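Engineer: Below: one structure in structure tokens.
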Amino acid sequence: MSYDRESPMPPEPTTPPAPRATAPVHEPRREDCPWCGSRRLRTRLRAPDLRRRTPGTFVVDECQDCAHAFQNPRLTAEGLARHHRDLRDAPPQPFAERVRSARRHRAAARAMLVCPGFAEPESWLDVGTGHARFPEAARQLFTYTSFDGLDPTPRVQQARAAGRIEEAYTGRLTDPRIAVRLRARYDVVSMFHHLEHTPDPREELRAALGVLRPGGHLLLEVADPGSAFGTLLGKWWHPHGQPRHLHLMPLGNLRAELESRGCTIVTTDRRAPHTPDDLAAALSLALTHVLPKPLLRAAAPLPVLAAALDHVLAPVFRRTRFSNAYRVIARKALD
């Protein structure tokens, strides 16, 4: 799912892109936590853009009071727009990975079926949908539900043309024009590894609740900044990926925020959302930076072995602090 949700494994090595005409633009550096306001910050990591090798070094700070991690200084809207333009050139997801993603998507959709009092929804919006692989998989369980998708890139329009969603919206949920158009329209809103990419996760949650009908459900999956893999792998851990990920939110923070907005937390889960690819993704990414291109083909079996290890150890990782993601299902209050 989407860290880029569509392609969690790093792409095959290519010639580094030519430098941009201008350097990425950053906002002023923050001296306080964007989540709780504390000024007790520490540097969690410094990292370049390891995937596309664009110029610059990015810093991720962590609040020592609430454990919220965030890019600091953050990219401006111009810098974020430039990154989303780069996504148009991302390589297609390999078939084997699409099969694995479909299984994870169906499992996430199936989690809604066990919610008390939950009935098949009339309408469902998937935010940050990319190529709409989640709606495509979820439709197998919710055959009478109308699935729509929203994404800041043109991929969502391609997904509509391919028949994976009914309606496609290009932009951000916090855009007032979109928020007004979609207000109170949906029974379910899903966000899979989307909040990490948003400039203001709180505003994104507020907007998501705005397009939900009273009593509707919000389905979230988020990378867990408390995962032991974050410490073990450092800048090579894919949820740390810069400049893509602007925020990493602990489960407790997200739960408290939803409750403060009147939501009921239906369920939380740290086991099922774990995606077994931490070791393989980190090793693949590291090899493309350490080895010269002629040697990469010879090293190709190493990530395959790491992927096998990821899957063999997944049952253990899911039950420990190595789990790399969590799920929250919340119900919006009735008016």
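Here, each number is a calculation from the coordinates, and none is a lab measurement. Keep in mind the model is a prediction, meaning the values are calculated, not measured. Cβ atoms come from the backbone with ideal geometry, glycine included; neighbour counts cover every protein chain shown.
Engineer: Quick check: residue separation of GLU27 and LEU296 times 0.36 nm, minus the Cα distance between them. What number comes out in nm?
Structural biologist: The span from GLU27 to LEU296 would gain 93.1 nm if fully extended.
Engineer: Can you work out the Karplus-derived ³J(HN,Hα) for every residue in region 158-170? Use 6.51 cos²θ - 1.76 cosθ + 1.60 with θ = phi - 60°, whole Hz, and x for glycine or proline.
Structural biologist: Per residue, the Karplus-derived 3J(HN,Hα) values read 5, 5, 5, 4, 7, x, 7, 9, 7, 10, 10, 10, 9 Hz.
Engineer: Here's a follow-up. Using the Karplus equation 6.51 cos²θ - 1.76 cosθ + 1.60 (θ = phi - 60°), what ³J(HN,Hα) coupling, rounded to whole Hz, does each residue of region 62-68 give in order, writing x for Gly and Pro?
Structural biologist: 10, 6, 7, 9, 10, 6, 6
Engineer: First select every other residue whose beta carbon is under 15 angstrom from the beta carbon of GLY216; then total the charges, Lys and Arg +1, Asp and Glu -1.
Structural biologist: +1
Engineer: Using amide H atoms built in the peptide plane, which far-off residues or other-chain residues are under 5 Å from GLU120 H to H?
Structural biologist: none
Engineer: How large is ³J(HN,Hα) for each residue in region 132-146, as worked out from phi by the Karplus curve 6.51 cos²θ - 1.76 cosθ + 1.60 (θ = phi - 60°), to whole Hz, x for Gly and Pro?
Structural biologist: 6, 6, 5, x, 4, 6, 5, 4, 5, 9, 10, 6, 9, 8, 8
Engineer: What angle, in degrees between 0 and 90 and rounded to the nearest 10, separates the Cα long axis of helix 77-87 from the longest principal axis of the Cα atoms of the chain?
Structural biologist: 80
Engineer: Shifting gears a bit: Any chance you could give the angle, 0 to 90 degrees and rounded to 10, that helix 301-317 forms with the longest Cα principal axis of the chain?
Structural biologist: 40
Engineer: Taking the Cα atoms of the chain alone, what are Rg (to one decimal) and Dmax (as a whole number) in Å?
Structural biologist: Calculated on Cα positions, Rg and Dmax stand at 19.2, 63 Å.
Engineer: Something else now. Restricting to Cα pairs below 8 Å that are 6+ residues apart, what does the relative contact order work out to for region 218-335? Please round to a whole percent.
Structural biologist: 48
Engineer: How tilted is helix 201-211 with respect to the longest principal axis of the chain? Cα atoms for both, answer in degrees (0 to 90, nearest 10).
Structural biologist: 30
Engineer: Right, another one. For each of GLU62, GLU31, GLU120, GLU221, count neighbouring Cβ atoms within 10 Å of the residue's Cβ, then give the residues from fewest to most.
Structural biologist: By the 10 Å Cβ count, ascending: GLU31, GLU120, GLU62, GLU221.
Engineer: What fraction of the Cα pairs in region 173-302, stated in percent, has a spacing above 23 angstrom?
Structural biologist: Tail of P(r) above 23 Å: 45 percent of Cα pairs.
Engineer: Starting from the eigenvalues of the Cα gyration tensor, five times each then square-rooted, give me the equivalent ellipsoid semi-axes of region 275-317, largest first, whole Å.
Structural biologist: Three semi-axes, in Å: 23, 10, 5.
Engineer: Sequence gap at least 6, Cα distance under 8 Å: using those rules, report the relative contact order of the chain to the nearest whole percent.
Structural biologist: Computed value for the chain: 18 percent relative contact order.
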